[in-house]
1. So which helices (runs of 4 or more DSSP H) stay within segment 362-430 end to end and still have 1 or more residues that are away from the ligand (no atom under 13 Å from the Cβ) and farther than 20 Å from VAL346 by Cβ?
2. What tally of residues in segment 65-102 results from selecting those that are within 15 Å of ILE171 (Cβ to Cβ), open to solvent by 10 Å² or more (accessible area, probe 1.4 Å) and among the hydrophobic types (A, V, I, L, M, F, W, C)?
3. Identify, please: which residue in segment 198-214 is of a type in the set (Gly, Ala, Ser) and either modelled with pLDDT under 95 or in a loop (DSSP other than H, G, I, E, B) (or both) and is, among those, surrounded by the most Cβ atoms within 10 Å (Cβ to Cβ)?
4. Test MET352 against the criterion of being within 16 Å of the ligand (Cβ to nearest atom) and open to solvent by 10 Å² or more (accessible area, probe 1.4 Å), and give yes or no.
5. Considering only residues that are touching a helix residue (DSSP H, G or I) at 6+ places or on another chain (Cβ under 6 Å) and either over 20 Å from ILE63 (Cα atoms) or crowded, with 21+ Cβ neighbours inside 10 Å (or both), which ones fall in segment 134-155?
6. Please pick out the residue among THR195, THR217 that is within 14 Å of GLY384 (Cα to Cα), of a type in the set (Val, Ile, Thr) and crowded, with 24+ Cβ neighbours inside 10 Å.
7. Working carefully through the options VAL316, VAL270, VAL346, find the one that is under 22 Å from ARG227 (Cα atoms) and either surrounded by fewer than 18 Cβ atoms within 10 Å (Cβ to Cβ) or modelled with pLDDT of 95 or more (or both).
8. List pairs: first in segment 185-196 and touching a residue at least 60 places away in the same chain (Cβ under 8 Å) and part of a loop (DSSP other than H, G, I, E, B), second surrounded by 13 or more Cβ atoms within 10 Å (Cβ to Cβ) and not aliphatic (A, V, I, L, M), Cβ under 6 Å, 6+ apart or cross-chain?
Amino acid sequence: MSSSLQVEVDRFMDGLRSNNPHQPEFQQAVHEVCESVMPLVLDDERFRHAKILERMAEPDRIITFRVCWEDDRGDVHVNRAFRVQFNNSIGPYKGGLRFHPTVNKSVLKFLGFEQVFKNALTGLPMGGAKGGANFDPKGKSDREVMRFCHALMTELHRHIGEDTDIPAGDIGVGAREIGYLFGQYKRCENRFVGTMTGKGLTFGGSLVRKEATGYGTVYFAQHMLARRGDGLHGKNVVISGSGNVAIYAAEKAIELGGKVIALSDSGGFVHDADGVNAEKLAFVKELKEERRGRIREYCDRYPNAKFHAGVAPWGVPCEVALPCATQNELDADAAKTLIGNGVLAVSEGANMPSTAEAVTVFRDNRVLFGPGKAANAGGVAVSGLEQSQNSLRLAWGREEVDQRLQGIMTEIHETCVQHGQDGDHVDYVTGANRAGFVKVAEAMLSYGVM
Ligand code: NDP
């Protein structure tokens with residue numbers, strides 16, 4: 001980066017840090033975008049004069065509220081919940097809800113900010129938002145989770161709507177939670193409309209929504225490899241996480257001929273050198289989606305696999321790495337280890353799983369690196385398709401939704417190439433950030449100063 005560009009990035013980031021102190025995740029997400037788009041801002045007097053970047057880095061509003069609920073023993077608990085409505089320039093706010101003890105304003109602002117760019121990349125009319133609560137569903141009974149979800153929606157329902165803000169799932173919010181949340185939404189509103197996505201198939205959900213983020217992440221990896229005349233077939237694939245995104249990334253990777261050799265959760269990772277096949281993956285689905293068990297139990301069932309407690313799986317040699325757990329789970333040392341072991345492609349199923357330093361290592365070494373806002377956009381894209389089906393009062397078949405998902409991931413990849421190509425090489429980070437920025441910025445300019 002030239003020194004004058006660096007001065008402008010530093011000036012912008014100094015202002016952002018002083019306005020948003022103690023929000024490291026938010027600062028990290030904005031910094032990456034700022035570096036990518038500053039040349040566009042400096043080149044275009046319209047963007048500079050309208051303070052587009054400053055406006056984009058400030059959420060439209062943040063709603064914070066108390067969620068009070070009773071556990072099975074009758075003890076009362078108080079949690080804090082948020083909805084960050086970041087930017088609705090190109091469509092109603094859209095983004096997931098996260099239930100995890102680490103949820104705070106910084107985490108949800110980073111996720112909401114990323115969502116604005118991601119949603120723009122899908123080509124669908126969706127603005128960006130994110131929400132959640134510092135509630136830990138782990139170890140809670142179904143009744144406790146139900147009471148918490150009902151209490152949360154009793155407040156949230158007044159801030160959302162099918163043309164205003166459409167939440168979905170994220171970490172800790174899966175099919176069970178969406179059911180409880182949507183049930184309470186329709187009771188509070190006395191209306192049955194598609195204000196949430198990720199719904200069950202019997203009440204307005206879309207086929208392939210559950211699979212969409214993981215499948216999309218693998219489709220993106222496949223596109224990056226295909227540009228180099230390569231593919232997933234025969235590649236060793238290491239995946240972090242064993243939740244919604246990880247499970248369906250594994251499913252698609254196996255289907256396309258990859259050999260999935262590691263999966264993880266917050267307790268550690270399993271290394272299965274024989275590869276996870278369809279039967280073993282069915283066990284993981286049942287373990288995680290139904291029994292809510294721990295990944296170490298995989299080794300009780302398949303004793304050839306080894307469990308490594310308390311560590312991430314990045315030391316396992318592979319050609320394809322799919323970080324699908326959480327933010328900042330892959331640091332610079334892990335990136336160097338992956339490269340040393342011959343990694344060719346990293347496709348981020350999670351949001352910002354690679355630290356800023358890890359991203360630099362991947363980019364400097366010209367690893368095919370698909371940033372989350374492009375590589376994991378398949379989930380929100382199929383959420384957009386769920387909204388379309390709800391509006392049309394139709395349910396599309398599995399094949400049709402998957403075809404549309406594949407078409408959208410192909411388009412996102414092409415858009416990244418278009419905006420991030422530098423000679424033979426494609427910098428997917430620059431491509432994703434610039435393409436998302438231009439689309440949202442142009443809409444904001446059309447509205448005048450607001
Ligand atoms: P789930 O709750 O289904 O699964 C999360 C997985 O990540 C679990 O295996 C969990 O392990 C692990 N994990 C969570 N926190 C940590 C941590 N601090 N350290 C190590 N492992 C951790 O969530 P999803 O699969 O839905 O989401 C995963 C990622 O994908 C998130 O970054 C999310 O924002 C992103 N994403 C999700 C989309 C979706 O459609 N669901 C869409 C786009 C992005 P444990 O159970 O032990 O906590």
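The values are calculated or read from the model by the stated rules, or taken from the named source; none is laboratory data. Given the structure is predicted, the values throughout are model-derived calculations rather than measurements. With ideal geometry, Cβ positions are generated from the backbone for all residues, glycine too; neighbour counts draw on all protein chains shown. What goes into the accessible areas is simple: the full protein's heavy atoms, side chains included, and nothing from ligands, DNA or RNA. Shrake-Rupley method; radii C 1.70, N 1.55, O 1.52, S 1.80 Å.
1. Answer list for segment 362-430: 378-392, 398-420.
2. 1
3. GLY198
4. In short, yes.
5. Of everything in segment 134-155, those that are touching a helix residue (DSSP H, G or I) at 6+ places or on another chain (Cβ under 6 Å) and either over 20 Å from ILE63 (Cα atoms) or crowded, with 21+ Cβ neighbours inside 10 Å (or both) turn out to be PHE135, PRO137, MET146, CYS149, MET153.
6. Exactly one of THR195, THR217 is within 14 Å of GLY384 (Cα to Cα), of a type in the set (Val, Ile, Thr) and crowded, with 24+ Cβ neighbours inside 10 Å, namely THR195.
7. VAL346
8. Close Cβ pairs satisfying both conditions: VAL193/GLU162; GLY194/GLU162; GLY194/GLY204; GLY194/GLN387; GLY194/ASN390.
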